[in-house]
Amino acid sequence: MLNFQGEHILSVNQLNRDSIEAIFSVAKKMEPYAKKQKRTKVLEGAVLANLFFEPSTRTRVSFGTAFNLLGGLVRETTGMQSSALAKGESLYDTARVISSYADAVAMRHPDAHSVAEFATGSTVPVINGGDGPNEHPTQALLDLLTIEKELSRFERKIDGMHIALVGDLKYGRTVHSLSKLLCHYKDVKFTLVSPDGLEMPDYILDAVTNSGHQIELVNQMEGNLAADIVYQTRIQEERFPSQEEANKYRGGFKISQAIYDAHCKPSSVLMHPLPRDSRGDANELDNDLNHNDNLAIFRQVQNGVIARMALFALTLGVENLVDKYETEVPWYSAKKNS
Ligand code: NCD
């Protein structure tokens, strides 16, 4: 099992079932802090450098919020053009510089393996917030935590579940990382629903098959969504060779309440890493699902904060000290009873 303290979290390949369960156990302890029922100052004085060289709303704010909720401070840079990388600085040098300011780094970058390259120059733990089409380990962890929690409502477990992954399975890094994490579980049935040309890469298919799971590859949603978990994705337009090429796929797989009623089970849980593309011609997850109790997309977001709090606590070695530095929440918080 990974000994988290001082380690970088760059890939889900570093994790096995014991380390996943260790993260989830710490994440669950973080819930009262995320819900503002209590506060902790365990990371008071610690600094997170939150470096986002690719567009992001929730991952960036979620990392920052997680660090703040543990009492730490956050410094950010956003965009390539506003950083010294645009002046030709290497990732190694940037890492040497940043790690002299910060106690931890969260980073997103458009190139595969760039975060690992950065980590070679960092003296503090680096957490991968997405490296191009390659991986998104913290999203995979929050997705898996969500799956576990959602299935428990139906007295089901990850072992033995049926998951349908839908959409851009070629460029979508979240489904790559999630599929790899699921290799540590037993008897999962995968239905991979993607348009021709956007299939899951072979190396992921091989990993899933070698873990003893069953895979079905299909190119239409009709008749293929009766799964415990239906995980929709966005066409990753920014990763296509041209916009014209991306446009061919836009709006191919729209899930609405009518599609849900016709093709999902009444208990199918709907997930999406977000952002969902809500432009009319894309509309991959319709707003008419917003009041469907099984739409878990905003619960995924909440699980993202506690999963990232857990990773910070573990990599900075304070996972057992969080309660010791606890204080009260004096202000009114609507979240308290949520
Ligand atoms: C995803 C990403 O960036 O890979 N978003 C996220 O981090 N929640 C998915 C996407 O952008 O489609």
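The values are calculated or read from the model by the stated rules, or taken from the named source; none is laboratory data. These figures come from a predicted structure and were not determined experimentally. Cβ coordinates were reconstructed from backbone atoms using ideal geometry, including for glycine residues, and neighbour counts include every protein chain displayed. Calculation scope for accessible area: heavy atoms of the full protein, side chains included, ligands and nucleic acids excluded. Shrake-Rupley method; radii C 1.70, N 1.55, O 1.52, S 1.80 Å.
Among the residues making up the stretch 267-282, those that are away from the ligand (no atom under 13 Å from the Cβ), part of a loop (DSSP other than H, G, I, E, B) and either in contact (Cβ under 8 Å) with a residue 12 or more places away in the chain or among the hydrophobic types (A, V, I, L, M, F, W, C) (or both) are SER267, SER268, ASP281.
Flag: ARG75 matches the condition of being touching a residue at least 24 places away in the same chain (Cβ under 8 Å), assigned to a strand (DSSP E or B) and farther than 22 Å from GLU148 by Cα. Spot the failing condition for GLY252; the list is (1) within 14 Å of the ligand (Cβ to nearest atom); (2) open to solvent by 10 Å² or more (accessible area, probe 1.4 Å); (3) not in a helix (DSSP H, G or I), and only one is missed. Only one criterion in (1) within 14 Å of the ligand (Cβ to nearest atom); (2) open to solvent by 10 Å² or more (accessible area, probe 1.4 Å); (3) not in a helix (DSSP H, G or I) is unmet by GLY252, namely (1).
Residues satisfying the criterion are absent from the stretch 60-67 (criterion: within 16 Å of the ligand (Cβ to nearest atom) and either over 28 Å from LEU321 (Cβ atoms) or part of a strand (DSSP E or B) (or both)). With respect to the conditions (1) more than 16 Å from the ligand (Cβ to nearest atom); (2) polar (S, T, N, Q); (3) open to solvent by 50 Å² or more (accessible area, probe 1.4 Å), THR78 falls short on a single one, namely (1). The residues of the stretch 18-58 that are open to solvent by 10 Å² or more (accessible area, probe 1.4 Å) and out of contact with any Leu (no Cβ under 9 Å at 6 or more places or on another chain), listed by number, are GLU21, SER25, LYS29, GLU31, PRO32, LYS35, GLN37, LYS38, GLU54, PRO55, SER56.
Could you tell me whether ASN224 is under 29 Å from ILE158 (Cβ atoms), away from the ligand (no atom under 16 Å from the Cβ) and in contact with a strand residue (DSSP E or B) (Cβ under 7 Å, 6 or more places away or on another chain)? Considered against the rule, which asks whether it is under 29 Å from ILE158 (Cβ atoms), away from the ligand (no atom under 16 Å from the Cβ) and in contact with a strand residue (DSSP E or B) (Cβ under 7 Å, 6 or more places away or on another chain), ASN224 comes out as yes.
Listed conditions (1) assigned by TED's automatic domain parsing to the domain that holds VAL47; (2) within 11 Å of the ligand (Cβ to nearest atom) are all met by LEU142, apart from (1). If you go through the stretch 186-214 and keep only what is open to solvent by 10 Å² or more (accessible area, probe 1.4 Å), among the hydrophobic types (A, V, I, L, M, F, W, C) and under 15 Å from ALA227 (Cβ atoms), you end up with nothing. Screening the candidates LEU151, LEU145 for the property of being open to solvent by less than 10 Å² (accessible area, probe 1.4 Å) and either in a loop (DSSP other than H, G, I, E, B) or within 24 Å of GLY64 (Cβ to Cβ) (or both) yields one hit, LEU145. Taken together, the criteria place SER179 among residues that are within 16 Å of the ligand (Cβ to nearest atom), at negative phi and in contact (Cβ under 8 Å) with a residue 24 or more places away in the chain. The C-beta contact set for the stretch 1-29 (first residue touching a residue at least 12 places away in the same chain (Cβ under 8 Å), second residue of a type in the set (D, E, K, R), distance under 6 angstrom, 6+ apart or interchain) comprises MET1/ASP18; SER11/GLU135; VAL12/LYS180; VAL26/GLU319.
Among the residues of the stretch 86-95, is any within 22 Å of ARG308 (Cα to Cα), of a type outside the set (Gly, Ala, Ser) and touching a Phe, Trp or Tyr at 6+ places or on another chain (Cβ under 8 Å)? No - not one qualifying residue is present in the stretch 86-95. Restricted to the stretch 102-132, and to residues there that are assigned to a loop (DSSP other than H, G, I, E, B) and within 16 Å of the ligand (Cβ to nearest atom), the residue that is most open to solvent (accessible area, probe 1.4 Å) is HIS113. If you go through the stretch 59-72 and pick out every residue that is surrounded by fewer than 20 Cβ atoms within 10 Å (Cβ to Cβ), in contact (Cβ under 8 Å) with a residue 12 or more places away in the chain and closer than 30 Å to ALA112 by Cβ, you end up with 1. Working only within the stretch 225-237, note down all residues that are touching a residue at least 40 places away in the same chain (Cβ under 8 Å) and either of a type outside the set (S, T, N, Q) or in contact with a helix residue (DSSP H, G or I) (Cβ under 7 Å, 6 or more places away or on another chain) (or both). Residues satisfying the conditions are LEU225, ALA226, ALA227, ASP228, ILE229, VAL230, TYR231, THR233, ARG234, ILE235. Screening PHE298 on (1) within 14 Å of the ligand (Cβ to nearest atom); (2) aromatic (Phe, Trp, Tyr); (3) assigned to a loop (DSSP other than H, G, I, E, B); (4) free of Cβ contacts under 8 Å to residues at least 24 places away in the same chain shows it passes everything except condition (3).
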